[in-house]
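Structure first, commentary second.
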Amino acid sequence: MPPRKRPEAQLDLLVARADPGRSAAIAALTPAQRDDAIVGQLVAWFELVARDLPWRRRRDPYAVWLSEIMLQQTRVETVIPYFNRFLERFPDVEALAGAEIDEVLKMWSGLGYYRRARVLYATAREVTARYGGNFPGEAAALRELPGIGAYTAGAIASLAFDQREPLVDGNVARVFARLFGIDEEIRTTGAVKRLWEIAWRLVPEERPGRFNEALMELGATVCTPRDPQCGACPLEALCVARASGRVMELPRIDAKKKVPVVKMVAVVLRRGPLVLLARREEGGLFGGLWEPPMVEAASIDEARALLAAVGVGPAIELREAGNVKHVLSHKELRVAVVAGTIPGKTKAPAVLGAPYEKAAWLHPDDAEIGVSTLARKVLAAAGGT
DNA sequence: AAATCGGGGAG
DNA sequence: CTCCCAGATTT
């Protein structure tokens, strides 16, 4: 969805031009005046440039909640097609509550952080059973639902219920760090506390959701991490970082340590058009998803216990089908893929052991099951689908 | 406070 | 390659 064309002429009336006396201008305002100016400038700017996003077309609690869960640590552009497909298949909370978890996971496949799909399903059932299909409107009640933390509760309460509730996400944290010159490492407890206090102070009684959305929109489109467009910012004249030449230094974020490498072996067994897939236990990595069985192992020889478990004996010919690299946020998986063919009529193993709860011969795309991107890479490496 | 939990897009 | 995204939850 392309951003709406910016009406430059109107924007110029709002955006203060570069001004050497900016520091003095900020200092001349009382704190309350500065806050009022921030809210006013930001909302006026947002009214002009707001992107046309699918979840902005229906601000009902179900659509807001669904979009906010999907948007957790996930880019807008990535979410859009998932959101549209999801709403088409599950048009309301009752439809979602009446589905099977495996179909929900299927609709979530490729989006990542699959625990979100499970908490989504759990919340749909709870809202249907306990609240008669109506989401609670208070942030405190929303916060009790699975998968809804401080940010998401504030987002739903303000956007869908017009409650004066603040929110702080990655965008807001960056905007505040620059706007108010917060030097502290942005993820520390102290900084997070400050950010929420500022958000509480600023969020207006009048259309709080619009203000919250404007704040995030500014962080996403103007006050970006790499190449902030200060010349197009409605808050330029009010920004501490801009006035002190520290825009690129803020927010302060300490480097994250590099992720460990984990070597694995996956086995792709075919039986005619079907593939042996195993369902991972809920709770951990890729919980509830189906995949070709794999195990942490430094070599194929080290994975012989898994091969035995899936019924690969001396009579079954295996070939090395290649290697797959898959990077997660906290580890890097390097998977050696082996492939083979099993005679027809062979049953799937009843027990595979952790982390798998069961196994079956399935078609990865046709079955009503969730499949991770890693599993798709492994299947692709083995050839065909 | 640190670790866990996906995947991809931008520079 | 690095960074980080409309975070939540557990340890």
(request) Over the alpha-carbon set of chain A, divide Rg by the Kirkwood Rh and report the Rg/Rh ratio to two decimals. (result) 1.06
(message) Positive end of the dipole of chain A, charges at C-beta (+1 Lys, Arg; -1 Asp, Glu), about the Cα centre: which of A:Ala50, A:Val175, A:Ile369 has its Cα farthest in that direction?
(response) A:Ile369
(request) Enumerate the calculated ³J(HN,Hα) couplings along the range A:82-88 in order (Karplus 6.51 cos²θ - 1.76 cosθ + 1.60, θ = phi - 60°), each rounded to whole Hz, writing x wherever the residue is Gly or Pro. (result) 5, 4, 5, 5, 5, 5, 5
(request) With N set to the residue count of the range A:261-382, report its C-alpha Rg divided by 2.2 N^0.38 Å to two decimal places. (result) 0.97
(message) Nothing charged except the Cβ atoms of Lys and Arg (+1) and of Asp and Glu (-1): what's the magnitude of the dipole of the range A:248-306 about its Cα centre? Round to the nearest 20 debye.
(response) 120
(request) Just name one of A:Ala141, A:Ala95, A:Ile156: the one whose Cα is farthest towards the positive end of the charge dipole of the range A:54-161 (beta-carbon charges, Lys/Arg +1, Asp/Glu -1). (result) A:Ile156
(request) For the range A:115-124, take each phi angle, set θ = phi - 60°, evaluate the Karplus expression 6.51 cos²θ - 1.76 cosθ + 1.60, and give the result in whole Hz per residue in order, putting x for glycine and proline. (result) 4, 4, 5, 6, 5, 4, 5, 4, 5, 4
(message) List the aspartates and glutamates whose Cα sits under 18 Å from the Cα of A:Lys331, skipping any in the same chain fewer than 8 residues away.
(response) A:Glu296
(request) Could you work out the relative contact order of the range A:104-200, using alpha carbon pairs under 8 angstrom and six or more residues apart, expressed as a whole percent? (result) 16
(message) Can you tell me the orientation of helix A:170-179 relative to chain A, as the angle in degrees between its alpha-carbon axis and the longest Cα principal axis, to the nearest 10?
(response) 30
(message) How many angstrom lie between the Cα centre of the range A:323-385 and the Cα centre of the range A:113-144?
(response) 31
(request) Kindly state, to the nearest 0.05, the FRET efficiency for A:Ala298 paired with A:Arg271, given R0 = 41 Å and r defined as their beta-carbon distance. (result) 0.90
(request) May I ask you to compute the full-extension gain from A:Ala350 to A:Glu281, defined as 0.36 nm times their residue separation minus their alpha-carbon distance, rounded to one decimal in nm? (result) 23.4 nm
(request) Mind running the shape call on the range A:54-161? Use the C-alpha gyration tensor, a ≥ b ≥ c as the square roots of the eigenvalues: rounded below 1.5 for a/c, prolate if a/b tops b/c, oblate otherwise. (result) rounded
(request) Arrange the following residues from fewest to most other Cβ atoms within 10 Å of their Cβ: A:Lys358, A:Lys258, A:Lys347. (result) A:Lys258, A:Lys347, A:Lys358
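Could you give the length gained by full extension between A:Asp183 and A:Asn84, i.e. 0.36 nm per residue of separation minus their alpha carbon distance, to one decimal place?
So the chain would gain 31.7 nm between A:Asp183 and A:Asn84.
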(message) Starting from the 7 Å offset along Cα-to-Cβ, what nm value, one decimal, do you get for the label separation of A:Arg201 and A:Ile26?
(response) 1.3
(request) Could you give the size of the charge dipole of chain A about its Cα centre, using +1 on the Cβ of each K and R and -1 on the Cβ of each D and E, expressed in debye and rounded to the nearest 20? (result) 880
(request) Multiply the residue separation of A:Glu138 and A:Lys256 by 0.36 nm, subtract the distance between their alpha-carbon atoms, and state the gained length in nm to one decimal. (result) 38.9 nm
(request) Would you mind ranking A:Val275, A:Val175, A:Val295 so that the residue whose beta carbon has the fewest other beta carbons within 10 Å leads the list? (result) A:Val295, A:Val275, A:Val175
(message) For the pair A:Asp52/A:Lys325, report the inter-label distance in nm, with labels modelled 7 Å from Cα in the Cβ direction.
(response) 4.1
(request) Tally the DSSP beta bridges in chain A and give the antiparallel ones as a percent, rounded to 5. (result) 70
(message) Sort A:His326, A:His363 by Cβ crowding within 10 Å, fewest neighbours at the top.
(response) A:His363, A:His326
(message) Is the C-alpha gyration tensor of the range A:76-124 telling us rounded, prolate or oblate? Criteria: a/c under 1.5 is rounded; beyond that, a/b larger than b/c is prolate, otherwise oblate.
(response) oblate
(request) Kindly write out, for the range A:223-238 in residue order, the coupling ³J(HN,Hα) from the Karplus curve 6.51 cos²θ - 1.76 cosθ + 1.60 (θ = phi - 60°), rounded to whole Hz, with x marking Gly and Pro. (result) 8, 7, x, 8, 10, x, 9, 4, x, 10, 8, x, 10, 3, 6, 10
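Where a number appears in this text, it was derived from the coordinates with a stated rule and is not lab data. In this text the structure is predicted, and so the values were computed from the model without any measurement. Using ideal geometry, Cβ is built from the backbone for each residue, glycine included, and neighbour counts are taken over all protein chains shown.
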